Each structure stands twice: as structure tokens, then as C-alpha cells.
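Here the structure comes first, spelled out in C-alpha cells, and everything after it is commentary.
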Amino acid sequence: MMVVSAAEAAAALALTGPGGVALLSAEGAAGFLGPRAWRALVDEARAAHPAVAAPDLLCCGPAAGDALAALRAGCRGIVLDASCPAFTAIASACAEAGALLLPGRPPAMEARSLDLRHPAGQARLAAWLTVPPDDTRGHLR
């Protein structure tokens, strides 16, 4: 689930089942939001729903420096464009830190495309959350 606020993240966590949901930042968010703000956003949502699994992924676009800053800030899920010249070095740093590095953005529904104040928006999110992770048909933006 792509989220841009703690409220969106908390809504996704409130509607997910026991398997939880991965929280994905906006594209390139490490550069304009920053890893510390992302950590705060995710931590706030997790605090509201501590029993729900919620791995998070901070998107760094092609910026190796942003990926390193994310690691230093404690991010353990990073998306870095595979075309980044320093991708291999960042992959080594992530492996050493025990962080997951993805070479591209995974399929994700954008929470901002839903009006979660209304039952129809909540129902659409709940339906998306029940699609198995390997079935991308339900994970369209």
C-alpha cells in the first residue's frame, strides 16, 4: 500500500488481516520527505496498530546517497532503482545492515486514490488487502 501520511498508513493497518500489509512510500520520498520523517510516519501508524505486521519500504529513486541516509536512519526496507551506478555497493551495505533492498517499486495501491472516510473506499481497500501478494491483478493503482 503506497501511503503519504500516518493517517493513510493507520487506515491500511486497521483494515488488513493478520498477514499485515507492506507500507510503501511515494516515489523518491527519501529525497523530499527524508528517512527520519518516513520513520516517524510509519512508527505513528504502527503505534496505533501494534499487533499488525507492517514492513515498510522507503523509495530512494536512483539516489544512492538517499539510500545510505535511509540505512543510517534505521530503515530496513529500501527501494533503489537498479540503474543506479552504486546499486551493487548499496546492496552490500544493505546486506551488512540486515536491510531489504528492492531494485524497483513493487505493485501497490495508492491510499490517496481512496476516500477512506466512506464505506466504499474502505471496502475497496479491504478487497485489495485480501488479494494474495503474488496475484498482482488486484494490486493496480
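The values are calculated or read from the model by the stated rules, or taken from the named source; none is laboratory data. The model shown is predicted, which means the values in this text are computed figures rather than measured ones. Cβ atoms come from the backbone with ideal geometry, glycine included; neighbour counts cover every protein chain shown.
Things worth noting here:
- Test for G61: is it within 15 Å of the chain's Cα centre (by Cα), at pLDDT 95 or above and surrounded by fewer than 13 Cβ atoms within 10 Å (Cβ to Cβ): no
- Residues in segment 85-126 that are outside any loop (DSSP other than H, G, I, E, B) and either among the hydroxyl-bearing types (S, T, Y) or surrounded by 12 or more Cβ atoms within 10 Å (Cβ to Cβ) (or both): 22 in all.
- G34 vs. criteria of a type outside the set (V, I, T) and surrounded by fewer than 16 Cβ atoms within 10 Å (Cβ to Cβ): no
- Test result for R39, more than 25 Å from A123 (Cβ to Cβ) and surrounded by fewer than 23 Cβ atoms within 10 Å (Cβ to Cβ): yes
- Top-ranked residue of segment 2-31 - restricted to ones that are in contact with a strand residue (DSSP E or B) (Cβ under 6 Å, 6 or more places away or on another chain) and crowded, with 23+ Cβ neighbours inside 10 Å, ranked as farthest from A64 (Cα to Cα): A9
- Of the residues making up segment 67-84, those that are among the small types (G, A, S) and in a helix (DSSP H, G or I) are A67, A69, A70.
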